[in-house]
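Read through the structure below, which is laid out as structure tokens, and then see the notes.
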Amino acid sequence: MNRLIAPVIQHINQVDLIFPNRIDLGNNVNLFWLKDIPDDTVKLDFIWNAGSIHQHKPLVASFCNQLLFSGNNTTTSKAIADNIDQYGGYLSHNFGKDLAGFSVFALVDTIGEVFSTIASSFQHGYFPEKEIAKWQEIKKKDYVLNEEKVSVNARKLFTKHLFGDQHPYGRLAVLEDYENIQRADIRNFYTEHYLSTKPSIFLVGNVDEAFITKLKSFAQLFTNQQSAVIPNNIIQSTGQFYKEKPKAIQSAIRIGRLIVNKKHDDYIALQVLNTILGGYFGSRLMANIREDKGFTYGIGSSIVALEEATYFAISTEVGIASRTAALTEIYNELKRLQTELVPNEELQVVKNYMLGSFLRNTDGAIAMMEKYKAIYLQDLNESYYTDYINGVHEMTAEKLLTVAKKYFNKNDFLEISYG
Amino acid sequence: MIHYDQFTLKNGLRVLLHHDQTTPLVVVNTIYNVGARDESPNQTGFAHLFEHLMFGGSINIENFDKPLQLAGGECNAFTNNDITNYYSTIPANNIETALWLESDRMLSLAFNQKSLDVQKNVVIEEFKQRYLNQPYGDLWHVFRPLIFKTHPYQWPTIGKELSHVENANIADVKAFFKKHYSPQNAILVVGGNFEQDLIKCQIEKWYGDIPPGKKYDRQILPEPIQQAERRLQIKRDVPSNAIYIAFRIGNRTSNDHYLGDLVSDILSGSKSSRLYENLVKQKKLFSQVNAYISSGFEHGLFIIAGFTQNEVDLTDAEAAIWQELNELIEGDLAPSELIKVKNKFKTAKAFQNQSLLNRVMNLSQLAILDHLDELHLENELYNQISSTDIKNFCKKYFTKTNTNALHVISSQ
């Protein structure tokens with residue numbers, strides 16, 4: 001054994017993916033089911049097109065989602081929570097710009113009881129005033145607390161200028177909006193976006209047929225109206241926006257731009273570029289701005305795919321005195337990707353890291369289901385992941401240079417600093 | 001149940017193996033028996049700074065992360081008051097890369113001055129980002145010294161102050177490594193889809209020749225029993241007032257850990273729990289209030305923390321918390337309420353155990369605590385807790401004498 005010589009590395013050439021079975025629950029509702037798992041856990045997700053993009057008034061979609069199980073005039077929200085808890089169940093609300101829903105976690109011998117409570121209280125659609133008022137108070141507090149944080153403020157400014165305030169993605173709630181939420185708004189949203197559209201249901205766990213029968217009966221609740229299509233009028237700003245916060249000791253920075261979506265030929269190259277630049281611990285931004293200069297605790301970049309837009313963003317928090325120097329270095333790194341070929345060794349590290357990451361993110365049935373959900377909900381081919389693995393393997397430095405030249409021009413970026 | 005094998009190398013390195021053939025991965029986890037409690041009061045934050053330096057190159061390998069990433073792996077680490085833990089997750093057929101890297105930095109670091117200078121800056125930025133530039137970020141810096149008068153739990157892992165991190169020098173780094181980083185003071189846990197016939201040889205090959213080092217002899221006096229209530233009020237530029245109450249309880253390996261865990265679940269954590277229903281929804285005193293335990297290896301804490309609504313007097317708010325605590329002592333705990341928190345524990349545990357990394361880290365923690373029995377007993381330990389046990393726990397600890405209370409007043 002010679003410690004100076006690294007052990008021989010095996011490359012990852014394929015990943016075994018297991019996709020769920022599709023079960024028709026009737027009424028055009030689909031269940032996706034991964035049954036064979038090595039333990040007693042059950043995870044059940046319900047997803048609707050009920051994210052913030054569908055709301056006509058700020059906060060309505062998120063309030064509706066959070067208050068789905070808030071009871072009616074005979075059943076309190078506490079009684080509902082008690083019934084779920086009694087059987088060791090957990091309920092989590094999921095909410096995003098496009099989609100919304102909830103997840104249920106329980107064990108195989110209690111999922112039936114837990115789900116019965118959830119299914120019946122979901123149908124209330126009542127939304128008691130008292131519960132709305134309580135939620136308003138709580139969310140107002142959160143809002144005020146978040147206003148103190150440079151990272152949250154930078155993210156908000158970024159969102160606003162990335163999508164423009166003509167598009168629902170870019171419209172941000174302000175404090176007054178919390179006062180203006182009406183019970184009628186929430187009830188209408190519930191009727192239109194939960195009851196009148198079909199949910200997608202994802203189940204991981206070894207449940208019995210009796211449970212599937214329960215799901216079938218739940219699936220009959222939903223009527224078939226299509227939700228309105230929202231016109232695409234996203235207008236991204238470019239240039240610099242800097243807001244000072246007196247007494248702040250760090251500045252939060254967000255730099256980004258809209259890019260092409262997952263179906264575009266350049267997408268995998270952009271994913272590889274993103275990883276090289278800021279997508280892993282050894283990335284260029286980390287190496288330069290954290291590990292060489294010590295300006296920050298962390299810096300990273302990411303690609304976010306929404307239904308109506310896909311964007312690339314760099315984010316960090318740096319000491320106030322290092323802000324300008326950090327910005328210069330970030331642009332230097334973008335420029336380098338446009339002018340120099342990525343060295344072979346680095347490209348190999350990134351490829352292997354990405355494939356290793358993919359392996360980690362598909363470990364276990366729940367993780368596998370998440371991967372499937374992504375392709376189903378974003379309407380991608382079932383071969384999407386095999387194409388991804390091959391695409392990463394075959395990526396060349398030349399292709400990366402071409403794509404970087406196309407997408408990483410400084411003038412196309414939006415830059416926010418706050419603090 | 002989590003199964004494992006264990007053996008010890010000649011140099012004293014304890015090894016645990018947890019085989020799982022359902023995953024394509026392995027986790028290589030190394031836990032070192034050193035945390036912020038082992039620091040000198042004049043050099044706090046050092047154990048955590050040192051954790052950063054462990055990524056700055058070892059004696060034979062210039063860069064830790066690059067070869068790991070080249071093998072498709074990923075690594076991270078954390079430090080707390082009790083221990084320092086490093087973990088790599090890597091495709092199973094590249095396990096030797098992780099063993100090579102981890103064993104080399106157990107053998108010796110490169111002790112690189114540039115790495116020290118840069119990591120000092122990184123940690124200072126971490127200090128700012130997480131503790132200074134966040135509303136309520138520095139509370140534990142003032143609350144810990146109220147609770148612990150002599151014990152090193154009185155400082156947080158990041159350190160008491162920035163200057164302690166700034167003043168660290170390379171001689172301190174070398175001395176720290178010598179004292180704490182050696183086979184005698186570490187436990188290696190490997191989990192996942194390794195080759196069962198080969199794994200012992202692979203570990204022997206990479207770790208067998210590392211000098212044993214000297215077993216660290218920890219001599220920390222326990223914090224004396226608290227004799228009187230302690231209170232502190234501070235002003236901060238934060239949007240709302242807050243109350244923190246900490247009661248001293250037994251440590252991680254005592255029964256108090258399980259009792260405290262269930263009591264905290266009765267009080268908070270769900271929309272059906274008592275503090276949320278009574279103090280947030282009914283009395284409208286708090287916008288948020290939580291109860292939880294900190295499971296220190298030497299001393300535990302039962303903590304209640306809440307943000308009050310505007311206009312609410314903090315004395316009234318605290319009185320309302322006390323009313324809930326007294327209800328636990330004097331009132332009746334419905335059998336269904338106890339069953340509820342036990343069932344929730346069972347579900348949560350089953351989901352946590354799905355993750356290979358969680359299982360491996362749990363094994364490491366229990367091994368270093370010499371408490372591996374808990375793996376088999378855990379559900380039973382929780383199941384046998386009775387409402388009388390709960391009541392006795394509350395009666396014993398929720399007293400004025402055992403109270404440490406911090407009131408945060410908003411200056412806005």
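Among the residues of region B:385-401, is any more than 30 Å from B:R231 (Cβ to Cβ), within 14 Å of another protein chain (Cβ to nearest Cβ) and not aliphatic (A, V, I, L, M)?
Looking only at region B:385-401, we keep the residues that are more than 30 Å from B:R231 (Cβ to Cβ), and these are B:385-388.
Applying the additional criterion that residues be within 14 Å of another protein chain (Cβ to nearest Cβ) yields none.
No, every residue in region B:385-401 fails to be more than 30 Å from B:R231 (Cβ to Cβ), within 14 Å of another protein chain (Cβ to nearest Cβ) and not aliphatic (A, V, I, L, M).
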Seminar exercise, completed: Within region B:163-180, restricting to residues that are under 9 Å from B:G45 (Cβ atoms) and hydrophobic (A, V, I, L, M, F, W, C), the one that is nearest to the chain's Cα centre (by Cα) is B:V165
Exercise. Which pairs have Cβ atoms under 7 Å, sit 6 or more apart or on different chains, and link a residue in region A:122-141 that is within 15 Å of A:L59 (Cα to Cα) and without any contact (Cβ under 8 Å) to a residue 40 or more places away in the chain to one that is of a type in the set (A, V, I, L, M, F, W, C) and surrounded by fewer than 19 Cβ atoms within 10 Å (Cβ to Cβ)?
Worked result: A:K140/A:L175
Problem set entry | helices (runs of 4 or more DSSP H) contained entirely in region A:115-183, each with at least 2 residues that are acidic (D, E) | A:129-146, A:175-180
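Can you report the number of residues in region A:89-101 which are more than 21 Å from A:V304 (Cα to Cα) and not aliphatic (A, V, I, L, M)?
Restricting attention to region A:89-101, the residues satisfying the condition of being more than 21 Å from A:V304 (Cα to Cα) are A:89-92.
Narrowing further to those that are not aliphatic (A, V, I, L, M): A:89-90, A:92.
Within region A:89-101, residues that are more than 21 Å from A:V304 (Cα to Cα) and not aliphatic (A, V, I, L, M) number 3.
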Problem set entry | Flag for A:K373 being more than 21 Å from A:N274 (Cα to Cα), away from chain B (no Cβ under 14 Å) and among the basic types (K, R) | yes
Exercise. Taking interchain pairs and intrachain pairs at least six residues apart, which have beta carbon atoms under 6 angstrom, with the first residue in region A:343-362 and more than 7 Å from every other protein chain (Cβ to nearest Cβ) and among the aliphatic types (A, V, I, L, M) and the second part of a helix (DSSP H, G or I) and crowded, with 17+ Cβ neighbours inside 10 Å?
Worked result: A:V350/A:T275; A:V350/A:I276; A:M354/A:T275; A:M354/A:V392
Seminar exercise, completed: By residue number, the members of region A:85-99 that are farther than 18 Å from A:D109 by Cβ and either among the basic types (K, R) or assigned to a helix (DSSP H, G or I) (or both) are A:K97
Problem set entry | Checklist (1) without any contact (Cβ under 8 Å) to a residue 12 or more places away in the chain; (2) within 14 Å of chain B (Cβ to nearest Cβ) applied to A:V304, failing item | (2)
Exercise. Taking A:L99, is it in contact with a strand residue (DSSP E or B) (Cβ under 7 Å, 6 or more places away or on another chain), modelled with pLDDT of 95 or more, over 22 Å from B:K283 (Cβ atoms) and at the interface with chain B (Cβ under 8 Å from one of its Cβ atoms)?
Worked result: no
For this session: Answer yes if at least one residue in region A:56-66 is touching a helix residue (DSSP H, G or I) at 6+ places or on another chain (Cβ under 9 Å) and within 23 Å of B:N278 (Cα to Cα), and no otherwise.
Result: yes
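If the requirement is being over 25 Å from A:T386 (Cβ atoms) and surrounded by fewer than 16 Cβ atoms within 10 Å (Cβ to Cβ), which of these qualifies: A:V60, A:V8?
Values: A:V60 fails: surrounded by fewer than 16 Cβ atoms within 10 Å (Cβ to Cβ).
Going through A:V60, A:V8 in turn, just one is over 25 Å from A:T386 (Cβ atoms) and surrounded by fewer than 16 Cβ atoms within 10 Å (Cβ to Cβ): A:V8.
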Exercise. Conditions: (1) in contact with a helix residue (DSSP H, G or I) (Cβ under 8 Å, 6 or more places away or on another chain); (2) surrounded by fewer than 16 Cβ atoms within 10 Å (Cβ to Cβ). A:D24 meets all but one. Number of the miss?
Worked result: (1)
Seminar exercise, completed: Per the filter on region A:100-114, residues surrounded by 20 or more Cβ atoms within 10 Å (Cβ to Cβ) and either part of a helix (DSSP H, G or I) or within 23 Å of the chain's Cα centre (by Cα) (or both) are A:A100, A:G101, A:F102, A:V104, A:F105, A:I111, A:V114
Seminar exercise, completed: Conditions (1) more than 16 Å from B:H164 (Cα to Cα); (2) crowded, with 23+ Cβ neighbours inside 10 Å -> B:N63 fails only (2)
Exercise. Give me the pairs: first residue in region B:213-232 and closer than 19 Å to B:N402 by Cβ, second residue exposed (fewer than 10 other Cβ atoms within 10 Å of the Cβ) and of a type outside the set (A, V, I, L, M), beta-carbon distance under 7 Å, and six or more apart or on different chains, which are they?
Worked result: B:E229/B:K400
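How many of the residues in region A:18-43 are aliphatic (A, V, I, L, M) and either at pLDDT below 90 or not in a loop (DSSP other than H, G, I, E, B) (or both)? Talk me through it step by step, then tell me what you get.
At the first step, the residues of region A:18-43 found to be aliphatic (A, V, I, L, M) are A:18, A:23, A:25, A:29, A:31, A:34, A:37, A:42.
Now narrow it down to the ones that are either at pLDDT below 90 or not in a loop (DSSP other than H, G, I, E, B) (or both): A:23, A:31, A:34, A:42.
Adding up the residues that qualify gives 4.
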For this session: Inspect all residues belonging to region B:169-184 and state whether any of them is buried (at least 21 other Cβ atoms within 10 Å of the Cβ), hydroxyl-bearing (S, T, Y) and not in a loop (DSSP other than H, G, I, E, B).
Result: no
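Considering each of B:D209, B:D256 in turn, give the residue that is modelled with pLDDT of 95 or more and under 18 Å from the mean Cα position of the chain (by Cα). Break it down stepwise before answering.
Details: B:D209 fails: under 18 Å from the mean Cα position of the chain (by Cα).
Result of the check over B:D209, B:D256: B:D256.
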Seminar exercise, completed: Cβ pairs under 9 Å, 6+ apart or interchain, first in region A:269-293 and over 19 Å from A:K399 (Cα atoms) and away from chain B (no Cβ under 13 Å), second among the small types (G, A, S) and assigned to a helix (DSSP H, G or I), ordered by first then second residue, are A:L285/A:G278
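For region A:306-413, please list each of the helices (runs of 4 or more DSSP H) lying entirely inside it that holds at least 1 residues being within 30 Å of A:G294 (Cβ to Cβ). Lay out the reasoning, then the answer.
Details: elements: A:323-339, A:344-360, A:365-377, A:384-394, A:397-407.
In region A:306-413, the matching helices (runs of 4 or more DSSP H) lie at A:323-339, A:344-360, A:397-407.
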Exercise. If you go through region B:275-318 one residue at a time, how many are within 14 Å of another protein chain (Cβ to nearest Cβ), without any contact (Cβ under 8 Å) to a residue 40 or more places away in the chain and not in a strand (DSSP E or B)?
Worked result: 9
Exercise. Can you tell me how many residues in region B:104-138 are more than 7 Å from chain A (Cβ to nearest Cβ), modelled with pLDDT of 95 or more and assigned to a helix (DSSP H, G or I)?
Worked result: 3
Seminar exercise, completed: region B:185-254: strands (runs of 3 or more DSSP E) wholly inside it with 3 or more residues that are away from chain A (no Cβ under 14 Å) and surrounded by fewer than 16 Cβ atoms within 10 Å (Cβ to Cβ) are B:230-236
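For region B:338-352, state whether one or more residues are hydrophobic (A, V, I, L, M, F, W, C), in contact (Cβ under 8 Å) with a residue 40 or more places away in the chain, under 23 Å from B:K271 (Cα atoms) and in contact with a Cys (Cβ under 6 Å, 6 or more places away or on another chain). Even if it seems obvious, please write down each step before you answer.
First, the residues of region B:338-352 that are hydrophobic (A, V, I, L, M, F, W, C): B:338-339, B:341, B:345, B:348, B:350-351.
From what's left, in contact (Cβ under 8 Å) with a residue 40 or more places away in the chain: B:338, B:341, B:345.
Filter once more, so that each one left must be under 23 Å from B:K271 (Cα atoms): B:338, B:341, B:345.
Retained after the next criterion (residues that are in contact with a Cys (Cβ under 6 Å, 6 or more places away or on another chain)): none.
No.
The values are calculated or read from the model by the stated rules, or taken from the named source; none is laboratory data. Computed from a prediction, not measured in an experiment: that's the story for all the values here. Virtual Cβ from ideal backbone geometry, glycine too; neighbours counted across all protein chains shown.
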